[in-house]
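Down below is the structure, laid out as structure tokens.
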């Protein structure tokens, strides 16, 4: 194909992908949230745009049950550091409600706008937090990527709030506009908690935290459990934190998009049999369109 035709094709792909992404955002009424992410570096999607409250209740109860089964109450809801949350890993493998949340259409619409149509699951975590006087240090989620961070995103954290988030309840804090720095916070900056804005929102809200945005969490001063489901998605080239090896029965009972989020369209990690050319074909489009 002549060079000029290649460039025209690339521009056409970008235009088509941008239009498709905008249609998805409009379908779920996410235009304002998209603007907030651009300006502030985060957004809070209200529950009514995401899922029925019954889904959030089911997810909350499932996470608390898994925590209790794992002995969380015996450790004061701590996994690896006193005063921080009890963590559970790869929840997509541990209950149908988590499978459902992974492919939530509203979350996927925002995710694909920020990461491209071929984004993959990067992490699947559950948190249960009890009373503590500790802050979670300010950080960004684009781990292992050196400064300066790019303008486009490698990863986005979708924090699904499964109990009311208030300052007293130890909610997440975000440094608005910090995504513009395009770098990780320095060690002294990790303790500048006075610049964090508390993100107070009701159960069922989804806090969208792009990987470049600085955030932490406040001490928890009440006696209720704070329950959170975190789904992180990334671009297809970023090595996922959780394995994509999963029971084929789980994949089979879900829509095709479920398997795609678990690497079903990736051409990488091939062996002596070589590349699957059908999957490799998407590489060209992804190079020329941030929405692909």
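Quick note: the coordinates plus some simple rules give every number you see, no bench work behind them. Predicted model, so just to flag it, every value in this text is computed and none were measured. Counting neighbours? That spans all protein chains shown, and the Cβs are built from the backbone with ideal geometry, glycine included.
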When the helix-only estimate is applied to the chain (DSSP H runs of n ≥ 4, each -39,500 (n - 2.57), divided by the residue count), what is the mean residue ellipticity at 222 nm, nearest 500 deg cm²/dmol? -9000 deg cm²/dmol
When the Cα centres of the stretch 125-158 and the stretch 241-292 are compared, how far apart do they sit, in Å? 25 Å
Per principal axis, descending, Cα span of the stretch 25-99 in whole Å: 45, 27, 19
Starting from the Cα-Cα distance between residue 283 and residue 94, subtract it from 0.36 nm times their residue separation and give me the gain in nm to one decimal. 64.8 nm
On a 0 to 90 degree scale, rounded to 10, what angle separates helix 53-69 from the longest Cα axis of the chain? 70 degrees
FRET efficiency (residue 245, residue 39; Cβ distance; R0 30 Å; to 0.05) is 0.15
Residues 142, 268, sorted so that the one with the fewest Cβ neighbours within 10 Å comes first: 268, 142
Acute angle (nearest 10 degrees) that the helix 31-40 long axis makes with the longest principal axis of the chain, alpha-carbon atoms: 70 degrees
Measure nothing fancy, just the Cα-based angle from helix 3-27's long axis to the longest principal axis of the chain, in degrees from 0 to 90, nearest 10. 40 degrees
Show me the ranking of peptides 104-117, 195-208 by mean Cβ neighbours inside 10 Å, starting with the highest. 104-117, 195-208
Stretch gain in nm, segment residue 183-residue 12, where the contour uses 0.36 nm per residue and the Cα spacing is subtracted: 58.4 nm
On the Cα set of the stretch 66-190, report Rg and Dmax in Å, please. 16.2, 44
Protection proxy ranking, peptides 165-175, 230-240, 48-58, 244-254, average beta carbon neighbours within 10 Å, highest first: 165-175, 230-240, 48-58, 244-254
Once you place label points 7 Å from the Cα toward the Cβ at residue 271 and residue 80, how far apart are they in nm? 3.0 nm
